[in-house]
Amino acid sequence: MPDRTDPEGAITEAAAAYSNWGRWGEDDVIAMPLQWSTQWDGLGHIFDHAKAWNGRPAEKVVTSEGDLVTGIEHLAPHVAGRGVLLDVGRVIGDGGELPDGFAITEEHLQAAIDAHGVAVGRGDIVCVRTGQFSRARRDGWGDYAGGPAPGLSFTTAGWLHRTEIAAIATDTWGFEVRPNEFDAAFQPLHQVVIPHLGLLVGEMWDLDVLAGDCAGDGVHEFWLTAAPLPVTGAVGSPVNPIAVK
């Protein structure tokens, strides 16, 4: 032990001991766009005719200081509830995958519901597997980000409203079918479901392990927790979803 009666000697002895420790710790830094991974789109992500969710003027909601009203931090840790997997890729697709550009209609969603023997209703978190994530992981990511993709048709807006689900997530980059169904339109279904329905939209979810388990036991419902990182004022956030069966 250092000689406490000799402060200078104690410091010298402690410094010598410290120098012999070698590596004693590490730190990390992460810098990333908040919506370039498995993620939620927040309610301040998309506007329609300069109106944000609940009819608020967009300029009053999102400013240079971030989303002042519906920032993603308000959702954490409250995103949890009954989850339902609709494996449309397995039910409708060839080899468990839908081709790029395939528009998933209400009829396709209902076919998956019937095949799985589940119900979808108010407050559910619905996960829609197209199989595109599987294909990209196997064959290369290519233009997965922003390129052609299977996804929900604009015509499903009525179903999304009528079922009163709380959230929907897909294994694709943009949730809705690409190319989009209207000329000169960019993600038109987003412009309906986020600012008008207040629907939470998840993208780039890896649903393969969950889909395999559901196919194995025939149970396509589960407890799902998917709390976003509580980044103050953010309009989206990475998420690590966990399904419990």
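Here, each number is a calculation from the coordinates, and none is a lab measurement. Being a predicted model, the structure only gives us computed values, none of them experimental. Here Cβ is always computed from backbone atoms with ideal geometry, including for glycine, and neighbour counts include all displayed protein chains.
Quick check: the angle from helix 106-116's long axis to the longest principal axis of the chain, C-alpha only, nearest 10 degrees?
70
Could you bin all the Cα-Cα distances of the chain into 10 Å bins starting at 0 and give me the percent of pairs in each, rounded to whole numbers?
In whole percents, the pair-distance histogram is 7, 28, 31, 14, 5, 6, 6, 3, 0.
So for the chain: antiparallel DSSP bridges make up what percent, rounded to the nearest 5?
Taking every DSSP beta bridge with both residues in the chain, the antiparallel ones total about 60 percent.
I'd like the chymotrypsin sites (Phe, Trp or Tyr not before Pro) in the range 30-71 restricted to DSSP loop residues with at most 13 other Cβ atoms within 10 Å, sorted by number.
Trp36
Rounded to the nearest 500, what is the chain's calculated 222 nm mean residue ellipticity when only DSSP H runs of at least 4 contribute -39500 (n - 2.57) each, over all residues?
-6500 deg cm²/dmol
I'd like the antiparallel share, as a percent to the nearest 5, of DSSP beta bridges with both residues in the range 95-231.
Numbers: 1 of 11 bridges.
In the range 95-231, approximately 10 percent of DSSP beta bridges are antiparallel ones.
Students often get this wrong: which residues of the range 37-63 have the backbone nitrogen under 14 Å from the point 7 angstrom along Cα-to-C-beta of Asn240?
Taking a point 7 Å out along Cα→Cβ of Asn240, the residues of the range 37-63 whose backbone N falls under 14 Å are 38-39.
Could you please state, rounded to a whole Å, how far the C-alpha centre of the range 105-180 is from the C-alpha centre of the range 186-218?
Going from one Cα centre to the other spans 5 Å.
Just grab the label-to-label distance for Ala76 and Asp213, each label 7 Å out from Cα along the Cβ direction, in nm (one decimal).
Taking the simple label geometry, Ala76 and Asp213 are separated by 2.4 nm.
Roughly what would the spin-label model give for Glu107 and Asp48, points 7 Å off Cα along C-beta, in nm?
2.5
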